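**Q** First the structure, which I've put down as structure tokens, then a few questions once you've had a look.
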Amino acid sequence: MKIANQNWQSYFCCWQNHLIHQNLFLIGHTAWQGYLEAGAGVVVCDVTETISPAMDWKTDSVAFNLNYIPARDVTAYCQIIALPKDAMTVLESAIEEYNPTQEIILLLTGNGELDVNWLQNLRVAPAACYEQVQRRWAEFQPQANN
């Protein structure tokens, strides 16, 4: 698994890209809060339901859990989820190299798949995502959208 150094926002062929695009503020909020509390690390997004190929990303949403794993705990976490060794090496290297003020390392699981993303060239920095979510917290809660 190789993490491409490219702007992911321009590619919308996979459910992972749609989910990231739809939830970037929450992902950025989790990344910045985790960075402030524990330093560099990875955001883990576990999708908790099956994603249908017919899903309309303009109107539908997907249930997921977000967590932050500090760099010091990534190896142990990767062993727990049985991440292949080559992917773990790439992930650890990315965490050492990324700029937490402008980029996010995201480990996304769902539909029986595992995807590692190095989110670069973000239009909204993680700190700005954090500020927006804090200010508009009710908008980002699932029950507020019902």
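**Q** Pick the calculated Rg and Dmax of the Cα atoms in Å for this structure from [x] 14.9, 50; [y] 14.7, 42; [z] 17.2, 59?
**A** It is the one labelled [y].
**Q** Here is a further query. What FRET efficiency would be calculated for the residue pair His21, Glu96, taking the C-beta separation as r and a Förster radius of 41 Å, to the nearest 0.05?
**A** The formula returns an efficiency of 0.95 here.
**Q** With the alpha-carbon atoms as the only input, what is the per residue convex hull volume for the range 25-78 in Å³?
**A** Per-residue hull volume (Cα only) is 86 Å³.
**Q** Can you give me the accessible area per residue for the chain, using a 1.4 Å probe, in Å²?
**A** I get 56 Å² per residue for the chain.
**Q** While we're here: Would you compute, from DSSP H runs of 4+ residues alone, the mean residue ellipticity of the chain at 222 nm, taking -39500 (n - 2.57) per run and dividing by the full residue count, rounded to the nearest 500?
**A** Value at 222 nm, helices only: -11500 deg cm²/dmol.
**Q** Gaussian network model of the chain, Cα springs within a sub-10 Å range: biggest mean-square fluctuation belongs to which of Trp57, Trp32, Trp118?
**A** Trp57
**Q** In the chain, what percent of the accessible surface is made up of carbon and sulfur (1.4 Å probe, ligands and nucleic acids excluded)?
**A** 49 percent
The values are calculated or read from the model by the stated rules, or taken from the named source; none is laboratory data. Here the structure is a predicted model, which is why all the values come from computation and not from measurement. Using ideal geometry, Cβ is built from the backbone for each residue, glycine included, and neighbour counts are taken over all protein chains shown. For the accessible areas, the whole protein counts, side chains as well, though only heavy atoms, and no ligand, DNA or RNA atoms are used. Shrake-Rupley method; radii C 1.70, N 1.55, O 1.52, S 1.80 Å.
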